[in-house]
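Undergrad: First, the structure itself, so that you have it in front of you.
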Amino acid sequence: MIKTVELTKVFRTEEVETTALNKVCFEIGEGEFVAIMGPSGCGKSTLLNILGLLDNPSGGQYFFLDHEVSGHSEKQRANLRKRNIGFVFQNFNLIDELSVFENVELPLIYLGYSSAERKQRVEEVLEQMQIMHRKNHFPLQLSGGQQQRVAVCRAVVTKPHIILADEPTGNLDSTHGDEVMNLLETLNKNGTTIIMVTHSQRDASYAQRIIRLFDGQIVTEDKSTEFVLAAAAAQ
Amino acid sequence: MLHHHIKNLLRQIRQQKTTSIVNVLGLALGLGITLVIWIFVLHELSYDKFIADHNRIYRIHSTAIIGTGIPQRLPTSMYTLGDAMIREYPEVEELARFSSYYHSPNVVFEGEANTLSDILFGEPGFFEMFSFELLSGDPTQVLADPSSIVINETNAARLTKDPLDALNRMITIQGQTYRISGIMKDLPENTHMAFNAFSHFDNLPSGAKEAGMNFYTYVKLAPGTDIREVEAKMDATAADIIRSNPVYEGTQFTVEHELMRLGDIHLHSDLVWEMRDNGKMRNVIIFALLSFLILFLAIVNYINLATARSMLRSKEIGIRKVSGATRGGLIRQIMTESLLTIIMAFLAAFVLCEIFSHYFSQNIGVHLSIITLFSWKGLIAMLLILGVTSLLSGLYPAFYLAAFDPVKTLKGEVVKGSKGSAFRRVLVVFQFAITLFVAISLIVMTGQLRHLQRTDLGFDAEEVIILRNLSGQLWQSFQAVTTRLEAIPEVKSAGGGNFIYGGGNRIDLITELGKDPDSGVLADIITIDHGFLDAMGIELLQGRNFHAGSQMDVQSAFILNETAANALGFDEPVGKQLYLFGMQGPLIGVVKDFHLKSLHQAVDPLVMIYAQTGFPHIYLKALPGDYNQLSIAITEALHEFDPAYIPDIVFLDENLELLYQQEKQTASLLTAGAILAFVISLLGVYGLAAFSAERKIKETGIRIVLGASLRDLLWHFNRESVILSVIALIIATPLAWFAMNQWLDNFTVRVDMSVLWFVLPGAIIILISSLIISFQALYTVRSNPVESLKYE
C-alpha cells in the first residue's frame, strides 16, 4: 500500500542544510498498524507529513496505493489526500469556530457530498464514537479526550484507507489516552491501515510493527510485541 | 458550500467583534463617500443628455479678434450668421437662436403689476429642437404666432393658481401684450440653460439682431457631418458678413467659430455670458479621484486586518487543507468571505450615502439623490465599485492565507509572515500618505480662500449693498430714486452701474483719437454714474470724477483704470482724446486698479463711461448697523416709485464669495473627504492596535517581568506607527506641494504656503494614532504580567 525507496528530505536555510530523512526505505501493507518512534528531531513528523501527502520529499520515491507521488503538485496531493487519508493530531486541530458536527463534516464538504449524505455519515460516525450528544458543542466546550474523539471522527468519516496519527495521546491523560488508542485499534481491526508517530511505549504496544528512526534513518524495524518482550527481558 | 462560508463568516464576526466592526465600518464609510461622489459625477455627466439628438446638437462659440487685441471668446454669435447657415448649409438640419433682452421688465397680468424675469426671445422652432417638456402646447406650433409666449410651470402657478389656467391668457411685458400659448415644465436641474419664459424673436427691438454677437445659436447637424469643415465655413461666412456690414467699416474685426457639443457645454465651457454657472470637468475628475483614494484607504484597512488576523486563522487554514481543501478552494472561500463582508458594508454604505448626500446637496448647491444610483449608469457604476472593491480587498488576503503551509500551522508554529507584515507596513504608509495629501490640500485651499477674502481688491466691499435688476420704472427715474435712497440716514452714498460685480461686461476697442485702430486696447466697458466711485470707495489717482448732471460728460468723457492708461502708453493721460466705437471725448480721470472680476483673472484694462439714467443696478454704501431695518427702508423707498417691484438686495461681499463658489465646493467636498480619510485611517490604526495588543499580551508580560517601564512599553508599541507616519509625511509633502502649486496657478493672487500647513496634519495623525495605540497598549500593560505569561 505504501512503499518508500531512498526517501530523502533536506531542509535548507541560508546558512544550514539539515537532512531530516536520509534514504529511508520501507513498506507498509494494507491493514497494518505501524508505529514510528524515535527521539525528538529524528524525522518522525517529517516522514509522517510526506506519507500524508502534506509535503513532498527532496529525493527518492514514494509509492502511495502503487502510484509514484513524490513529484505530485499540491493540487494532485490534495486530491489524493482527501479521498484516502485521515489525520489525527496531538493537539486535536479542531476549528474552534465550528461545532463538533461541522468539524466532522468538513472533509465531506470538500469531497462534494450532498447535505443529506453528510448528515447521515457524520451522525453515523458520531454515534459510533459515542460523542453524538455533543454534536452541537464547540471544541472549547469539550474535554481533551472528547476533542480527540471528535478528531478521530473527522479522520474516519470519509472512510479513508489510511489514518495517520501524530502523537494522538500526547495531550491526554492515560485514561483518555487509552480510550483513543482503543478506538484506533478497533478501526485497524475493521481494516483501516494506521500509521502512528509516538514517543509512548505504551501506545506503540498497540501497533503490530515499530519503525525506529534516528537522525533521519531507520535503525530498527521490529514487531511490537517482540520488542516489548525483548525490552522486558533486558530489564 | 456557500452556506458553509456564510456560517463561518458570521461566526468569525461574532467572535472578533471589534475588528469585524472596524472592518465593515471602514469599508462602509469608504463606499458611502464613493457612492455620493459618483452620484455627483453621474449628475454632472448627465447635463443636457436628456435632449433628443443631443449628440448632433452643437452650440456655436465665437472668438472675436479686434486688430492685434486679445481674442475674446463668447458662447454667442452673430444673428446674421444663423440666417446664412439656414440658407446655405445643407448639413444644418435645424437651427435655433435666442437672446435675453430685459433684466427686469415691467409685467402686467390681468391689470395688476407682476414680475417675470429671464425671458428669452428666439427661434419659433425652439421647442421642436430642444425637447423640454411642454405641459400644454404643441412644440411645432406653440410659438408660430409672434405674439405668443411660453412660460414655465412655477411662474404660471404664480399668475393663476393652477398653472394650466394661465393658458391663452394675456400678459403685458414692457408695454407689449403676449398670449400665453404654452406652459412648460420647469427646466430640469441638469441643463446648462436657464430661462423662465420663451417668446418669438420678432419681439426684440429693431436693431437688436443687426450687430453684435448676442445670440446663443444652436445647430442640429446631419449625421456624419465634419465639424471642422463647418467651423471653417462659418469663419468664411462671418468674414463676408463683416465686410458687407457698414457698422464694422474701418475696423480689423475677425470672428472665428467653434462648435461645442450640447452634452459637453456644462463641463467644458466656462465663458462670459454663460446662461448659468457651469461645472468643471477638472472638479469631476478631482472628485472621482478623491473617491478612489478614500475607497483605497478603506480597502487597505480591510487587507491589513485580514492579513493581521491570518495568525488566528492559520490553524483553520491548515485543517481545511488537511481535510482536502485545495488552494483554489481556499482562495474561493476567502474571496467569498470578502464579497460577503463588502456586501454588508455596501448595505451600510447606502445609509451613509443618504446622509452624506444631504450634506453635499447643501454645501455644493447641487441636488444629489440616491435614486441616481438606480439608473442603468448608476447600477453599472455600483457593480464596478463592488467588483473592484471585492477583488482588491479579497485577492491579497486570499492568496496570502491560502499559501500557508499546513505542516507548520498545524504544529502550532506562529505564522510570522515577515512578507505579510512588510506589505502591511507599505500599505499603512500609503494610507497615511493619502490622508496627509488630502488634508494638506484642504488646508492650502482653505488658506487660499481666506487669503482671497483678505486681498485688497482696490475698493471697499464692506457695507456695499447692490440693488439688482431694477424694474423699468425705476430705471427711468433713476436719479430721483438715488436721491431718495441717499435721504435714508443709514445710506452714505449711492451710484449706478450697468454691470454685476464678477459678471460679464461689454468688451470693446478703445483707441487714442486719430490713431490707428490697431494701436488700441481691448477693454472692459462699464457705464456708471457720478456716485459709483464714491459708493465703491474706488480711489481717483488723477483728474476728476464725472460731474453730477453734466450733459457734457454723458457718452463723451472717459475714466480709465491704471492698466488701461498704461496699455495705451500714456504718460500724461488726463486730457487725451479717446475713441470708443461711435463715441469720442476726453479722458477725464484715472482710477487706481481694482478687481472687477474674480481673482482668478488679472486686472484687465477698464473704461468707464457716464450715464445719468437707465442703470439696472444701484450700488449703495451704507453705515454699519441693522441691515434688516435698512432693507425695509430701501424697499419702502423703491416702492414709492414702483409699488410692484420685488427688491433683489445683495451685499457685495456676499457677491464676492459667489465668485469662489467652485473653490468652495471643492473645499467642502475635500473637507468631508479629509475627515473621512482621517477617520478611516485611524479606524485602521485602531483595528491593528487592538489586534496587536491582544497578540502581544505574552510579550508584554515578559517585558514587564524583565523590568520594562511604562514609558518603554508605550514607545515599544508606538514606535512603528510614528516611523510610518513620518515616512508617509515625507512622501505626501512634495506631492501635495506640487499639486497645490498647480492649483494656485489658477489665481492671480496666491497665498504663500506655510511649512506649518504641511507639518500640522502629520503631527495630528501621529498624535491621534499614538493616543489610540497607547490606549490599547495600556489595556495590555495593565494586565497582570504573571497572568500574561500563563496566557497561551
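Undergrad: Determine the shielding of peptide A:42-50 by partner chains: average, over its residues, the number of Cβ atoms on other chains within 10 angstrom of each Cβ.
TA: 1
Undergrad: Take every Cα-Cα pair in segment B:1-111 and report what % of them are more than 16 Å apart.
TA: 81 percent
Undergrad: Would you list, by chain and number, the lysines whose Cα falls below 20 Å from the Cα of B:K233, excluding same-chain residues fewer than 8 positions away?
TA: Cα-Cα hits under 20 Å: B:K220.
Undergrad: So what are the ³J(HN,Hα) numbers for segment B:115-127, from phi and the Karplus equation (6.51, -1.76, 1.60; θ = phi - 60°), rounded to whole Hz, Gly and Pro as x?
TA: 10, 7, 10, 6, 9, 9, 10, x, 4, x, x, 3, 6
Undergrad: Now for a separate question. Could you size up the charge dipole of the protein assembly as shown around its Cα centre, putting +1 on the beta carbon of Lys and Arg and -1 on that of Asp and Glu, and report it in debye to the nearest 20?
TA: So the magnitude is around 5660 debye.
Undergrad: Using alpha carbons only, how many degrees (0 to 90, rounded to 10) separate the axis of helix B:327-364 from the longest principal axis of chain B?
TA: Computed tilt is about 30 degrees.
Undergrad: I'd like the residues of segment A:96-120 whose 1.4 Å-probe accessible area shrinks by no less than 50 Å² going from the isolated chain to the full set of protein chains.
TA: A:E97, A:E102, A:I109, A:Y110
Undergrad: Restricting the calculation to Cα positions, tell me the Rg (one decimal) and the Dmax (whole number) of segment A:1-112 in Å.
TA: Considering segment A:1-112 through its Cα atoms, Rg and Dmax are 15.6, 46 Å.
Undergrad: Decide, for segment B:438-580, between rounded, prolate and oblate: order the square roots of the alpha carbon gyration tensor eigenvalues as a ≥ b ≥ c, take rounded if a/c falls under 1.5, and otherwise choose prolate if a/b is larger than b/c, else oblate.
TA: It is oblate, given that a/c is not under 1.5 and a/b is not larger than b/c.
Undergrad: Taking a quarter of the surface of the convex hull around the Cα atoms of chain A, what do you get in nm²?
TA: With every direction weighted equally, the projected area is 13.8 nm².
Undergrad: Give me the 1.4 Å probe accessible area per residue for chain A, excluding ligands and nucleic acids, in Å².
TA: 44 Å²
Undergrad: To continue, here is another question. Tell me, what does the Kirkwood hydrodynamic radius of segment B:186-241 come to in angstroms if you use every pair of distinct C-alpha atoms?
TA: After inverting the mean inverse Cα-Cα distance, the result is 14.8 Å.
Undergrad: So what's segment B:704-770 giving for Cα Rg divided by 2.2 N^0.38 Å, two decimals?
TA: Working it through for segment B:704-770, the quotient is 1.64.
Undergrad: Still on this model: Give the Cα extents of segment B:131-176 along the principal axes, in whole Å, largest first.
TA: Each principal axis gives a Cα extent; for segment B:131-176 these are 25, 24, 14 Å.
Undergrad: Which whole-number percentage describes the relative contact order of chain B, with Cα contacts under 8 Å and a sequence gap of 6 or more?
TA: 16 percent
Undergrad: Percent relative contact order of segment B:183-303, based on C-alpha pairs within less than 8 angstrom and at least six residues apart?
TA: Rounded, it is 25 percent for segment B:183-303.
Undergrad: Ok, one more. Go ahead and estimate [θ] at 222 nm for chain B from helices alone: -39,500 (n - 2.57) per DSSP H run with n ≥ 4, summed, over the residue count, rounded to 500.
TA: -16500 deg cm²/dmol
Undergrad: Moving on to the next point. So what J values fall out for segment A:62-76 if you push phi through Karplus, 6.51 cos²θ - 1.76 cosθ + 1.60 with θ = phi - 60°, rounded to Hz, Gly and Pro as x?
TA: 10, 9, 10, 6, 6, 10, 6, 10, 5, x, 5, 6, 4, 5, 5
Undergrad: Once phi is turned into θ = phi - 60°, what whole-Hz ³J(HN,Hα) does the Karplus curve with 6.51, -1.76 and 1.60 give for every residue of segment A:11-19, x standing for Gly and Pro?
TA: Those phi angles translate into 9, 10, 10, 4, 10, 10, 10, 10, 8 Hz.
Undergrad: For segment B:569-653, build the convex hull from the C-alpha positions and give me its volume per residue in Å³.
TA: Here the figure is 181 Å³ per residue.
Undergrad: For segment B:301-424, what is the charge dipole size about the Cα centre, in debye to the nearest 20, if Lys and Arg each add +1 at the Cβ and Asp and Glu each add -1 at the Cβ?
TA: Once rounded to the nearest 20, the dipole reads 620 debye.
Undergrad: What order, most packed first, do the peptides B:10-19, A:12-21, B:564-573 have when packing is the mean number of other Cβ atoms within 10 Å of each residue?
TA: Descending packing order for the listed peptides: B:564-573, B:10-19, A:12-21.
Undergrad: Checking the table A:K44/B:K321; B:K280/B:K377; A:K119/B:K17 against a 23 Å threshold on Cα-Cα, which pairs fail?
TA: A:K119/B:K17
Undergrad: Tell me the Kirkwood radius of segment A:136-203: reciprocal of the mean inverse pair distance over distinct alpha-carbon atoms, in Å.
TA: 12.4 Å
Undergrad: Same structure, new question: Given H placed on each backbone N at 1.01 Å, which residues far from B:S131 in sequence or on other chains put an amide H within less than 5 Å of it?
TA: Close amide H contacts, sequence-distant or interchain: B:A52.
Undergrad: Over the alpha-carbon set of segment B:614-675, divide Rg by the Kirkwood Rh and report the Rg/Rh ratio to two decimals.
TA: Here the Rg-to-Rh quotient is 1.17.
Undergrad: Beta carbons within 10 angstrom, averaged per residue: use that to sort the peptides A:34-41, A:157-164, highest first.
TA: Descending mean neighbour count gives A:157-164, A:34-41.
Undergrad: Once you treat every alpha carbon in segment B:213-307 as an equal point and sum by Debye, what is log10 I(q)/I(0) at q = 0.11, 0.15, 0.17 Å⁻¹?
TA: Once normalised to I(0) and log-transformed, intensities are -0.58, -0.82, -0.95.
Undergrad: While we're looking at this one, here's another question. Of B:L167, A:G41, B:P624, whose Cα points farthest to the positive end of the dipole of the protein assembly as shown (charges on the beta-carbon: +1 Lys, Arg; -1 Asp, Glu; origin at the Cα centre)?
TA: It is A:G41.
Undergrad: On average, how many beta carbons from a partner chain sit within 10 Å of the beta carbon of a residue in A:70-78?
TA: Per-residue shielding by partner chains comes out at 3.
Undergrad: What translational diffusion coefficient, in µm²/s and rounded to a whole number, does the Stokes-Einstein relation yield for chain B at 10 °C and a viscosity of 1.306 mPa s, taking the hydrodynamic radius as the Kirkwood radius over Cα pairs?
TA: The diffusion coefficient I find is 51 µm²/s.
Undergrad: Taking H as built 1.01 Å from N, whose amide H comes closer than 5 Å to the amide H of A:R209, not counting residues under 5 places away?
TA: Distant-sequence amide H within range of A:R209: A:F33, A:A35, A:S224.
Undergrad: How are the Cα pair distances of segment B:244-369 distributed, in percent, across 10 Å bins from 0?
TA: 9, 21, 20, 16, 13, 9, 6, 3, 2, 1
Undergrad: Using packing as a proxy for protection, rank B:130-141, A:51-62 so that the peptide with the highest average count of other Cβ atoms within 10 Å comes first.
TA: Packing order, densest peptide first, comes out as A:51-62, B:130-141.
Undergrad: In the neighborhood of A:L106, defined by Cβ-to-Cβ distances under 9 Å, what is the net charge if each Lys or Arg adds +1 and each Asp or Glu adds -1?
TA: Taking every Cβ under 9 Å from that of A:L106, the sum is 0.
Undergrad: Using a 10 Å cut-off on Cβ to Cβ distances, tally the other chain neighbours for every residue of B:306-319 and report the average as a whole number.
TA: Mean partner shielding for this stretch: 2.
Undergrad: Name the long-range amide H neighbours of A:F214: under 5 Å, sequence gap of 5 or more, or other chain; modelled H, no Pro or chain starts.
TA: Amide H to amide H, under 5 Å and 5 or more residues apart or across chains, A:F214 pairs with A:V219.
Undergrad: Same structure again: What number results when the radius of gyration of segment B:345-446, computed over Cα atoms, is divided by 2.2 N^0.38 Å?
TA: 1.58
Undergrad: I would also like to ask the following. Please compute the volume of the convex hull spanned by the alpha-carbon atoms of the protein assembly as shown and report it per residue in Å³.
TA: That works out to 249 Å³ per residue.
Undergrad: Just need the relative contact order of segment A:87-168 here, percent rounded to a whole number, with Cα pairs under 8 Å and 6+ apart.
TA: It rounds to 55 percent for segment A:87-168.
The values are calculated or read from the model by the stated rules, or taken from the named source; none is laboratory data. The shown structure was predicted, so the numbers you read here are calculated from the model rather than taken from an experiment. With ideal geometry, Cβ positions are generated from the backbone for all residues, glycine too; neighbour counts draw on all protein chains shown. Side chains are part of the model used for accessible areas, which takes the heavy atoms of the whole protein and leaves out ligands, DNA and RNA. Shrake-Rupley method; radii C 1.70, N 1.55, O 1.52, S 1.80 Å.
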